[in-house]
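The structure appears below as structure tokens.
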Amino acid sequence: MGFAAERVAALMAAVFVVITMGPELAAATVYKVGDAAGWTIIGGVDYKQWAATKTFQVGDAVVFEYNPQFHNVMRVTHAMYKSCNVSAPLETHTSGNDTIAITTRGHHFFVCGFPGHCQAGQKVDINVQRHTSAAVVPSPSVPLVIPTPAPAPSGAASRLGGGLALLALLFSVVA
């Protein structure tokens, strides 16, 4: 997938979250795990420190960039994360450029499943905080917050209408 296609995929994932979860989400951001270093054991990246400097929220996306010959991304339970047990991951990603949409609050644990990598520190805990009232449009570098209008009636129709409006705004920003 090319750079532009990755960004569109992340934006579409966030739009899906808005349509299905409603417009009460916080500003969405796309985070590259490890920043410039990416997902690796080279260079001594401290993923715990990296995550501690971020405020993850529902609607955000995390991007894992790595060489798939030497790494992968596995979503695991807390116990598996702590012990670096990769025998039964919840999800496995192997593309080398994986975008994962954050759709729920709480901890999301990721490790590299290659032997010794998790033990060497290639693991990250994405802790998603409670959200605030704002609609979302993710941006690769600067969050864009669109204030939420007065509360709409609940139900899929109102969320769909808000999502379609956001989708129209998204395409006007991308174009």
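The values are calculated or read from the model by the stated rules, or taken from the named source; none is laboratory data. For clarity, every value in this text was computed on a predicted model and none was experimentally measured. Backbone-built Cβ (ideal geometry, glycine too); neighbour counts: all protein chains shown. The protein model used for the area step is the full one, side chains on, heavy atoms only, and it has no ligands, DNA or RNA in it. Shrake-Rupley method; radii C 1.70, N 1.55, O 1.52, S 1.80 Å.
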If you go through Asn127, Asn85, the only one that is of a type outside the set (Gly, Ala, Ser) and closer than 18 Å to Lys32 by Cβ is Asn127
Hits in the stretch 67-98 (condition: of a type in the set (A, V, I, L, M, F, W, C) and in a strand (DSSP E or B)):
Val73, Met74, Val76
Within the set of pairs 6+ apart or on separate chains, which have a first residue in the stretch 92-117 that is closer than 18 Å to His78 by Cβ and of a type in the set (Lys, Arg), a second that is open to solvent by less than 20 Å² (accessible area, probe 1.4 Å) and outside any loop (DSSP other than H, G, I, E, B), and C-beta atoms under 6 Å apart?
Arg105/Val128
Within the stretch 37-52, tally of residues that are touching a strand residue (DSSP E or B) at 6+ places or on another chain (Cβ under 9 Å), part of a loop (DSSP other than H, G, I, E, B) and open to solvent by 60 Å² or more (accessible area, probe 1.4 Å):
0
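Could you pull out the residue among Ile146, Ile100 that is surrounded by 12 or more Cβ atoms within 10 Å (Cβ to Cβ) and modelled with pLDDT under 95? Before you say what the answer is, go through the steps one by one.
On the way: Ile100 fails: modelled with pLDDT under 95.
Just one listed residue meets the conditions, Ile146.
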Apart from one, (1) assigned to a loop (DSSP other than H, G, I, E, B); (2) within 12 Å of the chain's Cα centre (by Cα) all hold for Phe110; the odd one out is (1)
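Quick check, is Thr55 of a type outside the set (A, V, I, L, M) and open to solvent by less than 60 Å² (accessible area, probe 1.4 Å)? Can you show your working first?
Numbers: of a type outside the set (A, V, I, L, M): yes; open to solvent by less than 60 Å² (accessible area, probe 1.4 Å): no.
Spelling it out, it is not the case that Thr55 is of a type outside the set (A, V, I, L, M) and open to solvent by less than 60 Å² (accessible area, probe 1.4 Å).
Which residues, taken from the stretch 73-123, are of a type in the set (Gly, Ala, Ser) and under 18 Å from Asp46 (Cα atoms)? I'd like the intermediate steps shown before the answer.
Of the stretch 73-123, the ones of a type in the set (Gly, Ala, Ser) are 79, 83, 87-88, 95-96, 101, 106, 113, 116, 120-121.
Those that are of a type in the set (Gly, Ala, Ser) and under 18 Å from Asp46 (Cα atoms): Ser83, Gly113, Gly116, Ala120, Gly121.
This table checks each residue for (1) surrounded by 13 or more Cβ atoms within 10 Å (Cβ to Cβ); (2) small (Gly, Ala, Ser); (3) within 23 Å of Thr29 (Cα to Cα); (4) at pLDDT 75 or above.
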site	(1), (2), (3), (4)
Ala61	yes, yes, yes, yes
His108	yes, no, yes, yes
Gly113	yes, yes, no, yes
Gln122	yes, no, yes, yes
Pro153	no, no, no, no
